[in-house]
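Structure first, then comments.
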Amino acid sequence: QVQLVESGGGWVQPGGSLNLSCVPSGSFHTVYVMGWYRQAPGKQRDLVATIGDSGITNYGGSVKGRFTINRDNAKNTVYLQMNNLNPADTAVYYCYAILDLVAGGQRFNWWGRGTQVTVSA
């Protein structure tokens, strides 16, 4: 069974920074896309950022210029550096991946359990 193991998150004051990381565990073949979504209480889950295996990135509008996504393909690990955080960034952040379990097999969307990020004074 594949799991996306998230780390980082926590509490930070406005203007502060946090770094999230996520790595898949278990048996899989190739991770194509990795990234992060977030969900605040009472709101839908929104895109934060994704990165493909070629390095192409996609950011949600509210985080452009403040957040940076990177991945280490050798370690299948994705990182999200979050700078200049504000209370509107408070949410549960979910790691996301598109991967296949065997070579040339069906690709699946996979989600982590989420990690809480709280920005407050």
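The values are calculated or read from the model by the stated rules, or taken from the named source; none is laboratory data. Note that the structure is a prediction, hence the values are computed from the model and not measured. Remember, those area values only see protein heavy atoms, side chains included, never the ligands or the DNA or RNA. Shrake-Rupley method; radii C 1.70, N 1.55, O 1.52, S 1.80 Å.
Mean separation of Cα pairs under 8 Å and 6 or more residues apart, divided by the residue count, gives region 49-105 a relative contact order of 22 percent.
Just the protein heavy atoms count here, and of the accessible area of the chain at 1.4 Å, carbon and sulfur take up 49 percent. The alpha-carbon atoms of region 1-68, seen along their principal axes, cover 39, 24, 24 angstrom, with the largest extent given first. Its relative contact order, with pairs defined as Cα atoms under 8 Å and 6+ residues apart, puts the chain at 36 percent. For the chain, the solvent-accessible area works out to 52 Å² per residue, with a probe of 1.4 Å and every protein chain left in place. With all pairs of separate Cα atoms included, region 42-121 yields a Kirkwood hydrodynamic radius of 14.2 Å. Normalised by the number of residues in region 11-81, the mean separation of alpha-carbon contacts (under 8 Å, six or more apart) gives a relative contact order of 34 percent.
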